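Participant: Dumping the structure here so I can ask a few things about it.
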Amino acid sequence: MAIQPIRLMGDPVLRTPAATVETFDKELRKLVKDLTETMQDAPGAGLAAPQIGVSLRVFTYWVDDEIGHLVNPDLDLSSDIQDGEEGCLSLPGLAFDTRRAMSVVAKGMNMHGEPVVIEGSDLLARCVQHETDHLDGILFIDRLDPEARREAMRLIRESEWFGEPTPAFQVSPHTISSRWL
Ligand code: ZN
């Protein structure tokens, strides 16, 4: 097993735009495996690579018993909207109503560099938007209206986990193996 510690808000890796994956090698396949195992262990509906300290454009999802991953996602969003509760493994214990597009078409690649398309609505669409935001350094609380965001920040500042020291992070796909175990 290669379950990784999940980075929490306040860790700079979560605010760093992740790099495009250019090398589809063994390290990338290990990253997808680590993300999948960490997501299942949490458990979570999705997990983005920056959340385990790797600043690369990769995420995994686990929605309606379907587990998958996407590399270098590019999203087409529907104009119709869903509103519902959303949370994040990097902000444990907090959930807020967050507006998202109702459905999404996500184009990208799998870990072997083959093109794939994920089409989804409801929770899968919410998950894909949330995880792609992580790859741009965006957290879901950034999507709240100002009043809800102020309330979220208040709760975050009061959280036990907030303000803990954060470890360094890697941007290269080729040196992720040992440091974070
Ligand atoms: Zn998240």
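The values are calculated or read from the model by the stated rules, or taken from the named source; none is laboratory data. Everything quoted here is computed from the prediction, not taken from an experiment. Neighbour counts run over all protein chains shown; Cβ positions are idealised from the backbone, glycine included. Protein only, heavy atoms only, side chains kept; ligands, DNA and RNA dropped before computing areas. Shrake-Rupley method; radii C 1.70, N 1.55, O 1.52, S 1.80 Å.
Participant: What number of residues within region 74-98 satisfy the criterion of being under 17 Å from Ile138 (Cβ atoms) and more than 16 Å from the ligand (Cβ to nearest atom)?
Facilitator: 2
Participant: Could you look through region 1-18, keep only residues that are of a type in the set (A, V, I, L, M) and part of a loop (DSSP other than H, G, I, E, B), and pick out the one that is farthest from Leu31 (Cα to Cα)?
Facilitator: Among them, the one singled out is Met9.
Participant: Turning to a different aspect of this structure: Val32 versus (1) free of Cβ contacts under 8 Å to residues at least 24 places away in the same chain; (2) away from the ligand (no atom under 16 Å from the Cβ): which is the lone unmet condition?
Facilitator: (1)
Participant: State yes or no: is Arg7 open to solvent by less than 50 Å² (accessible area, probe 1.4 Å), within 14 Å of the chain's Cα centre (by Cα) and within 20 Å of Asp133 (Cα to Cα)?
Facilitator: Judged against the criteria, Arg7 is a match.
Participant: Can I ask one more? Given Leu77, Leu94, Leu14, which one is open to solvent by 50 Å² or more (accessible area, probe 1.4 Å), in contact (Cβ under 8 Å) with a residue 40 or more places away in the chain and in contact with a helix residue (DSSP H, G or I) (Cβ under 9 Å, 6 or more places away or on another chain)?
Facilitator: The unique qualifying residue is Leu77.
Participant: Testing Tyr61 on (1) hydroxyl-bearing (Ser, Thr, Tyr); (2) assigned to a loop (DSSP other than H, G, I, E, B); (3) within 16 Å of the ligand (Cβ to nearest atom), one condition comes back false. Which one is that?
Facilitator: (2)
Participant: Right, another one. Taking the residues in region 99-146 that are among the basic types (Lys, Arg) and open to solvent by less than 50 Å² (accessible area, probe 1.4 Å) as candidates, determine which candidate is nearest to the ligand (Cβ to nearest atom).
Facilitator: Let us first name the residues in region 99-146 that are among the basic types (Lys, Arg), namely 99-100, 107, 126, 143.
Checking which are open to solvent by less than 50 Å² (accessible area, probe 1.4 Å) leaves us with 100, 126.
Working: Arg100: 13, Arg126: 11 Å.
Filtering region 99-146 for residues that are among the basic types (Lys, Arg) and open to solvent by less than 50 Å² (accessible area, probe 1.4 Å), the one nearest to the ligand (Cβ to nearest atom) comes out as Arg126.
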